[in-house]
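Have a look at the structure below before the remarks.
The values are calculated or read from the model by the stated rules, or taken from the named source; none is laboratory data. Computed from a predicted model, the values in this text were never measured in an experiment. When we count neighbours, we look across all protein chains shown, and the Cβ atoms used for this are built from the backbone with ideal geometry, even at glycine.
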Amino acid sequence: MRSSIFVLLFCLSWGVQSAAQTLSPEERERIIQRLQSLDYDTVYAAVGDARRYSVTEAIPVLEARIWKQHPRIQRWFLWTLWKLGSPNTPAFARQFIDTIDSYAGKGLGVDPLSMKVDAVKILFDYGDYSGTPLVFELLERSKNIYPGSALLRRIVESVPEYRERAEREMRRLVREGKTSLSRGYALRDLIQLYGLGVSDLIISMATTDSVGTNRWYAINMLISLNYPDIKRFLYDRLFNEPFAGYRGSIADTLLFRYGSPKDYQQVQRYVQVEQDSVNKRIANRAVQRFKPPAPPATTPVSVLLDTLISYKHQVAALGWLGDKNFVKELDNHLDNAKRHLTRRDSLNTAQQVRLFQEKVHREHERTKQKQQRGVPRDPRFVTIEGWKFLYHYAQYILDRLPKEGRRGPR
């Protein structure tokens, strides 16, 4: 379904681009003629078409007629000149800022200050930051609304005398922004500036924001930024995130992005207590079908062996592998495999890993049979959870070694 939506959006986007490329000279001329109309709606539609289809031939008409328009249309003329690349755009933006106050109180439905800030956005792109005080004036008036277009981030980056104030406002807006977009945009810009340096704000949004999309955005930022304590954080959200769909996505992340024995155990626990029946069913199916994530193809075999040794210790500590003597047998096979590997003896490395895998599989089959008969299991055992990690990860290693070492019990 998501692939179909992507294809549809791509086709629509391609269609718009194609229309821009294939617009006939006559159609482009008609747009220019409509820009000269005296009808508000006609001009409004025409300026949108000029921008959408990149009708650069319209620049002279836009420049000649901008001050003859309703102030809202003036703003769109200015925006279109900017998008079309008119070299005179900065001069028009400054004049727009200087004159827009004259329309205040005339019943034209314009907000001079917010329209000035729209022009300031354009000037920022030309390296002109003289309008910076207007951004803070707008913030003072609409204290909990983010001004948008990354203006505060750009002030931090380019206007040293206002840097601390802009950062302070962004931090405040993350917590106090009136709209979810204001809070989200403020956090986005802070992350672009400081990364995990604002982890306290990311965690705050992920755990306390009233809007689910903001919480999910913040959670994903912690994941993508490799937040050091991400596992503990995700374990907490797995049980405490209010929206069931996001809980399910966190479970998927733990299983298929990270996929350690501890992650698997946490998702097992979550399945037992999940109240949403659909989520519970999907997560339970994921647990049943789980295999540890395959390592990247570039991971050295020595690292894979270290990971398998670590998994063996973890599954034993979790009670998924039993009997000290059996654990020692498995240790010996992996220690031997490492010794052979250091001697570049890949065939004997594979043989030791295969023996390890066969013993794990054989003991799991015995454990399973006893469980099916209702017989108490022996001190020597391998549960299904332990088998998933030890058997499959051993196979990942065998797949990197000579063919003689690849075959394991099925």
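Only one of Leu190, Leu139, Leu225 is without any contact (Cβ under 8 Å) to a residue 60 or more places away in the chain and more than 16 Å from the chain's Cα centre (by Cα). Can you tell me which?
After applying the criteria, what remains is Leu139.
When you scan the stretch 104-160, how many residues do you find that are farther than 20 Å from Arg188 by Cα, at pLDDT 95 or above and part of a loop (DSSP other than H, G, I, E, B)?
Count: 6.
Just the residues that are of a type outside the set (A, V, I, L, M, F, W, C), under 20 Å from Trp387 (Cα atoms) and not in a helix (DSSP H, G or I), please, taken from the stretch 257-309.
The answer is Gly259, Ser260, Lys291, Pro292, Pro293, Pro295.
Go through the residues of the stretch 384-400 one by one and say whether even a single one is charged (D, E, K, R), closer than 22 Å to Pro261 by Cα and out of contact with any helix residue (DSSP H, G or I) (no Cβ under 8 Å at 6 or more places or on another chain).
Yes, there is a match, as at least one residue in the stretch 384-400 is charged (D, E, K, R), closer than 22 Å to Pro261 by Cα and out of contact with any helix residue (DSSP H, G or I) (no Cβ under 8 Å at 6 or more places or on another chain).
List the helices (runs of 4 or more DSSP H) inside the stretch 310-410, counting only whole elements, that have at least 3 residues being over 20 Å from Pro295 (Cβ atoms) and without any contact (Cβ under 8 Å) to a residue 40 or more places away in the chain.
It comes to 324-342, 346-373.
Per-residue answers, yes or no, for (1) surrounded by 14 or more Cβ atoms within 10 Å (Cβ to Cβ); (2) more than 26 Å from the chain's Cα centre (by Cα):
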residue: Gln268; (1), (2): yes, no
residue: Glu274; (1), (2): yes, no
residue: Ala283; (1), (2): yes, no
residue: Phe290; (1), (2): yes, no
residue: Pro296; (1), (2): no, no
residue: Leu304; (1), (2): yes, yes
residue: Ile309; (1), (2): yes, yes
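Could you please find all residues in the stretch 228-251 being surrounded by fewer than 20 Cβ atoms within 10 Å (Cβ to Cβ) and assigned to a loop (DSSP other than H, G, I, E, B)?
Pro228, Asp229, Pro242, Phe243
So which residues in the stretch 18-59 are modelled with pLDDT under 50 and surrounded by 12 or more Cβ atoms within 10 Å (Cβ to Cβ), if there are any at all?
Ala19, Ala20, listed by residue number.
Residues that are on the phi > 0 side of the Ramachandran plot and either free of Cβ contacts under 8 Å to residues at least 40 places away in the same chain or in contact with a strand residue (DSSP E or B) (Cβ under 8 Å, 6 or more places away or on another chain) (or both): does the stretch 47-61 have at least one?
Yes, that holds for at least one residue.
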